[in-house]
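This report refers to the structure that appears directly beneath it.
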Amino acid sequence: MRFRGKIVDIGCIQHFTRVIGTLSKLIKTCVLRITSGNWYFILSERAVNGGIQIWSELPQGHFFDEYAMEGVSEEENEIFLELAPENLMKALKTAQSAKWLKIKLTKKHTPCLTVEVDLPTLSAHSRTVVHDIPVTVIPRRLWTDFEEPELPHFDVSVVMPQLKLLKNVVEKMKNLSNYVVLSANQMGEMKLMVETDMVSISTHFKDLINPTSTDPMMNPSQEDRDPQMFYKTRIDIRKLSQFLASQQFNPTRVICNVVNNRTVHFLLLQDDVSLQYFMPVIAS
């Protein structure tokens, strides 16, 4: 297995860093799937244990100026690695003014993603910083554990309001309860509600966009239903707060898909980069 990639454009380096920064705030470890066309960051926890699922897709052509890889075989030209996004983020922090950035798969005492950063200097001499990030190679027999999650037939889909506004609302609600009920309908309305023995508080958002079935990655239910009906999920408010606080790459669109009393699926889109975040419900 071999991999080598180089990013020269400083805007691409900074964008790549923001994406990894978002992932590092959401998860401690994940699987990096490298293919000839894309990088995928994958987390798949057991939903029965309240786990989350994350699937983030980065087209290599959007970031890398040079890109070469050889997978486990010609038929299965892919590489699966387990790593800590925070370690990759620490390496990328040194590259915010770099002339170029190289990432390659190496074998030191252990398999590593080696990040080389060429920093600008005032002299003719180059200054290169090297970071070795330990990784674990995932054997071929386990690859099926990291396939793209299948989109469920959701009951309602809505484009979320500004994440900064949502974050402020959720931060205040977090002091009142461990759970929040998120609900939405096909009239562009969304509600967040917390209830305790002493108080019930809800925040309403109106005039939001309901994506249609022609939108990318959308999979709405085709059943005829009352568009004013609210579909809801009860979720961990701390996980929602963490999700809202983690965003660093400023997505142009965030879509919330709700499967009534079952799951919430968030889809973040910016240019060709996408991040899917599945959050299971908490039983009442």
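The values are calculated or read from the model by the stated rules, or taken from the named source; none is laboratory data. Note that this is a predicted model, so its numbers are computed, not measured. Heads up, the Cβs are rebuilt from the backbone with ideal geometry, glycines too, and the neighbour counts pull from every protein chain shown. The protein model used for the area step is the full one, side chains on, heavy atoms only, and it has no ligands, DNA or RNA in it. Shrake-Rupley method; radii C 1.70, N 1.55, O 1.52, S 1.80 Å.
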> On a 0 to 90 degree scale, rounded to 10, what angle separates helix 163-173 from the longest Cα axis of the chain?
Replying inline: 60 degrees
>> Which lysines, if any, have their Cα less than 22 Å from the Cα of Lys6, not counting same-chain residues under 8 positions apart?
In response: Lys90, Lys93, Lys99, Lys102, Lys104, Lys107, Lys108
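Work out, step by step, the length gained on full extension between Glu148 and Asp197: first 0.36 nm times the residue separation, then minus their alpha carbon distance; give nm to one decimal.
Taking 0.36 nm per residue and subtracting the Cα distance, the gain is 13.6 nm.
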> How large is the charge dipole for region 2-145, taken about the Cα centre, if only the Cβ atoms of Lys, Arg (+1) and Asp, Glu (-1) carry charge, to the nearest 20 debye?
Replying inline: 520 debye
> Where nothing but the Cβ of Lys and Arg (+1) and of Asp and Glu (-1) is charged, how large is the charge dipole of region 151-284 around its Cα centre, in debye to the nearest 20?
Replying inline: 460 debye
> Which value results when the Cα radius of gyration for region 2-145 is divided by 2.2 N^0.38 Å?
Replying inline: 1.07
> For Asn261 and Asp226, FRET efficiency with R0 = 25 Å and r from the beta-carbon atoms, rounded to 0.05?
Replying inline: 0.90
> If you bin the C-alpha pair distances of region 168-215 every 10 Å from 0, what whole percents do you get?
Replying inline: 24, 44, 24, 8, 1
> Under the Karplus relation 6.51 cos²θ - 1.76 cosθ + 1.60, θ = phi - 60°, what is the ordered set of whole-Hz ³J(HN,Hα) values for region 3-17, x standing for Gly and Pro?
Replying inline: 8, 8, x, 9, 10, 10, 5, 5, x, 5, 4, 5, 5, 4, 5
> Got a sec? Charge dipole of region 156-280, +1 on Cβ for Lys and Arg, -1 for Asp and Glu; which of Gln242, Gln276, Leu166 is way out at the positive end?
Replying inline: Gln242
> Per 10 Å bin, what is the whole-percent P(r) computed from every C-alpha pair distance within region 156-280?
Replying inline: 12, 47, 33, 7, 0
> If you roll a 1.4 Å probe over region 156-280 with all protein chains in place, what percent of the accessible area is carbon or sulfur?
Replying inline: 46 percent
> What base-10 log of the normalised intensity I(q)/I(0) is obtained for the chain from the Debye formula, alpha carbons as equal point scatterers, at q = 0.09, 0.14 Å⁻¹?
Replying inline: -0.49, -1.03
